[in-house]
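Colleague: Sharing a structure below in structure tokens format, with a few things to ask.
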Amino acid sequence: MTHKREINLTEFLKVGPTESRDAELLAHGAYAPLTGFMNRDEYRSVLESLHLPQGAVFPLPIVLPVEEAVAQTLRVGDVLTINDGEGLKAEVRVEDLFRRDLMEEATRVFGTTNLAHPGVAGLLRQSAWCVAGPVDVKSLAPSPYLEPAWPGEVKREISRRGWRTVTFFQTRNPTHRAHEHMLKMALEMTDGIVLHPLVGPTKSDDVPPAIRMRSYRALIEEYFPKERILLATFGAAMRYAGPREAVFHGLVRKNYGATHFIVGRDAAGVGNFYGANDARLLFERLAAHMGLVPLTFDKIGYCPKCLGMASQRSCPHQSLWLSMSGTMVRDLLSQGKRPPVEIMRPEIADILVEVYRSQKG
């Protein structure tokens, strides 16, 4: 009689925040058809073709890195117990062990090996060795939010509301008036909207998720019909992988009930690494294979002559638009000042001003 080897590698394999969030989401079906960390064939197929070997679109590698010394102790069939030190405990049944080329992955996924790119910098700090296998989550840290977090929860609420067409909006930033305009345009086209902010790890200079959640609640409370918009959370880490990540963000939302997905300008981008329309073009190329309808919008701003929000498609006065860079908005907020109401709703600005004041001490 043979016995499986039960190996607890917690002290050697304390997973980081990205892998922790991936384990949780894999176990809850958010990354379907994946049920576990990718094996070498899945990894190679995704890198080279943006598809899994079976043909389904999947643009990002979802892997579990381990140090070489740990990999050398493992065999196929072993069961690893992993944790993140914050409440996650999960088991991974080892089905494959493989070594990857980190520079190749950076080039294919991020389009660059420049260490100024936060995704590249994070990747190149990882071990090249990976463990593949299905994930069974035994315990989770409690969510700090009351809003639904898992695909089953969101789909049940969509069903309860009777929505047949549903637009999802991915964001990692507080909403400004251009975001609001896109959301309201989407409400003219579909039964409902799921405002689905990413609340996993982001860059240190991004607004913290708990603060952003307050701003989203304020926006919904004051400016949207509550029966037609749902606030939920998406716990993945931000990778800043531009076009590939924009496709990933849409693809996984199908598992939450999306029929439509808003693809913003430079979606999932960072700095000047990607063109404004790169994400949209890749998404549109793959949309039919994903079974999603992309909703795309040109640049949006406030036009003082039209007296309202407008886009390049609908307004000939772009030179008159009231616009501010993100840096300018942050500078005002840090001085305790609200940006103009044409840029950001005062309820949201007040929340952010409070945060910047507290950071100043």
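Readers should treat all values here as calculations from the given coordinates under stated rules, not as data from a laboratory. Model, not experiment: these values are computed from the prediction. Using ideal geometry, Cβ is built from the backbone for each residue, glycine included, and neighbour counts are taken over all protein chains shown.
Colleague: Using Cα springs under 10 Å in a Gaussian network model of the chain, which residue among H176, H51, H317 shows the largest mean-square fluctuation?
Modeller: Looking only at H176, H51, H317, the largest GNM fluctuation is found for H317.
Colleague: Could you give me the ³J(HN,Hα) list for segment 195-206, computed from phi with Karplus coefficients 6.51, -1.76, 1.60 and θ = phi - 60°, whole Hz, x at Gly and Pro?
Modeller: The phi angles translate into 7, 10, x, 7, 10, x, x, 9, 5, 5, 8, 6 Hz.
Colleague: How much net charge surrounds G119 when only other residues with a Cβ under 9 Å from its Cβ are counted (Lys, Arg +1; Asp, Glu -1)?
Modeller: Surrounding charge for G119 is 0.
Colleague: May I ask you to evaluate 6.51 cos²θ - 1.76 cosθ + 1.60, the Karplus curve with θ = phi - 60°, for each residue of segment 240-252 and list the ³J(HN,Hα) values in order in whole Hz, giving x for glycine and proline?
Modeller: 6, 9, x, x, 4, 6, 4, 5, 4, 4, x, 4, 5
Colleague: Shifting gears a bit: With equal scatterers on the alpha carbons only and no solvent term, can you work out the Debye log10 of I(q)/I(0) for segment 6-139 at 0.10, 0.14 1/Å?
Modeller: -0.30, -0.61
Colleague: Shifting gears a bit: With 10 angstrom as the radius, rank V207, V252 by how many other C-beta atoms surround their C-beta, starting from the fewest.
Modeller: Exposure proxy ranking, most exposed first: V207, V252.
Colleague: Fewest first, what order do M328, M290, M344 take by the number of other Cβ atoms within 10 Å?
Modeller: Listing M328, M290, M344 from fewest to most nearby Cβ atoms yields M328, M290, M344.
Colleague: In nm, what is the difference between 0.36 nm times the number of residues separating Q72 and A32 and their Cα-Cα distance?
Modeller: Once the chain is fully extended between Q72 and A32, it gains 11.5 nm.
Colleague: Would you mind ranking D41, D266 by Cβ crowding within 10 Å, fewest neighbours first?
Modeller: Listing D41, D266 from fewest to most nearby Cβ atoms yields D41, D266.
Colleague: Identify which of L146, L124, L64 has the largest mean-square fluctuation in a Gaussian network model of the chain, with springs joining Cα atoms closer than 10 Å.
Modeller: The residue that fluctuates most here is L146.
Colleague: Let me ask something else about it. Which residue, S319, S311, S215, tops the fluctuation ranking in a GNM of the chain built on C-alpha contacts under 10 Å?
Modeller: It is S319.
Colleague: Step through the table entries K184/K299; K155/K254; K184/K226; K226/K305, compare each Cα-Cα distance with 21 Å, and write down the pairs that go over it.
Modeller: K226/K305, as the Cα separations exceed 21 Å there.
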